[in-house]
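Have a look at the structure below, then the notes.
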Amino acid sequence: MSMRRLLAYGAIYFLWGGSFLGIRELVAVVPPFFAAGFRFTLAGLLLVVYSHLRGQTEMPRGAFLGASMLGFIMFTLMYAALFWGEIRVSSGIAAVISAMIPVWIFIGELAILRTQKATPMSVIGIVLGSAGVIVLAWEAPASGVRAFTLAMLVLIGSTLCWAGGTLLSRRLALPKPQTLNAGWQMTIGGGLLFVLSAVSGEMRRLPSVAVLMQPTLVLSMAYLVIAASIVAFTCYVWLIAHEPATRVASYAYVNPVIALLAGAALAGERLSGFQLLGVLLVLAGVFATLMGKQVAPAKKRVTV
């Protein structure tokens, strides 16, 4: 494997894996909808400007509407839920729940789009992954059981939003190239997150400028905007064009491992033995689903 491919895989494995801890650090101080809105509005505008500077700004008929729909589903709804959920759930568990996205996409392809056929391996993967989520949600903390349970449900809802948006994207006209498409989705989704932040009263609860400029918060936001949203996404798009999609989708079971290690090493997050069982079930389920999808007759491409 070439050095370029290794670096690209390293980016989607490590940069995306570390993003969950970055979110956790932000929402410990900054209201979640405002933090998510700032991240994606800034990242999206940078990608739009980059695309215009390169002269890559193809907008087919209906493309802006398509990008707006996906921006609302995949960035406003998904990341509002993820940022809010990480106030109450550790970054590692949030990453494990997010790893179920390829499983939900496969179920949508199977039941709604009918572009996939079930294989024994994929069915085993769906069962294992679902069981892992149930195990993770089962062991709530001694205090705040209702808040934890609600947060877990919200996080699961966030993965369904991303999976649904991914399936919907196949039917929509969208801007080209992918950098412009992602840029508009992030910008629109981020702008709507700011609206949600204002409507929910977050603007009245923003910390002072001095607090917002703390090195930890500035570095966390810079990491999420530059490393996780721009660099890792660009690497992902390049890999999709040059590597088997199922191999690229391996980030889904590597990201949680990175997130768990980062949470343990940098934030002191720990899992119980029961929760560790849930993690292993989810990762095994994602792996089995992707492998089952890989061997499905006449349908080998995976979109995540």
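Scanning the range 41-71 for residues being open to solvent by less than 70 Å² (accessible area, probe 1.4 Å), within 14 Å of GLY190 (Cβ to Cβ) and touching a Ser or Thr at 6+ places or on another chain (Cβ under 8 Å) gives a total of 7. Among the residues of the range 72-123, just one is open to solvent by 60 Å² or more (accessible area, probe 1.4 Å) and in contact with a Cys (Cβ under 7 Å, 6 or more places away or on another chain), namely LEU77. Cβ-Cβ contacts under 7 Å between residues 6 or more apart (or on different chains), taken from a first residue in the range 166-177 that is under 16 Å from ARG61 (Cβ atoms) to a second residue that is open to solvent by 40 Å² or more (accessible area, probe 1.4 Å) and among the acidic types (Asp, Glu), are listed as PRO175/GLU58; LYS176/GLU58. In the set GLY55, GLY10, only one residue is out of contact with any Phe, Trp or Tyr (no Cβ under 7 Å at 6 or more places or on another chain), without any contact (Cβ under 8 Å) to a residue 24 or more places away in the chain and on the phi > 0 side of the Ramachandran plot; that residue is GLY55.
Of all residues in the range 191-203, one or more are of a type in the set (D, E, K, R), modelled with pLDDT of 95 or more and within 16 Å of PRO32 (Cβ to Cβ).
Residue pairs whose Cβ atoms lie under 6 Å apart, sitting 6 or more positions apart in sequence or on different chains, and linking a residue in the range 100-129 that is on the phi > 0 side of the Ramachandran plot to a partner that is assigned to a helix (DSSP H, G or I), do not occur here.
The values are calculated or read from the model by the stated rules, or taken from the named source; none is laboratory data. What you are looking at is a predicted structure, and each value in this text was computed from that prediction instead of being measured. When we count neighbours, we look across all protein chains shown, and the Cβ atoms used for this are built from the backbone with ideal geometry, even at glycine. Surface areas here come from the heavy atoms of the whole protein model, side chains and all, with no ligands, DNA or RNA. Shrake-Rupley method; radii C 1.70, N 1.55, O 1.52, S 1.80 Å.
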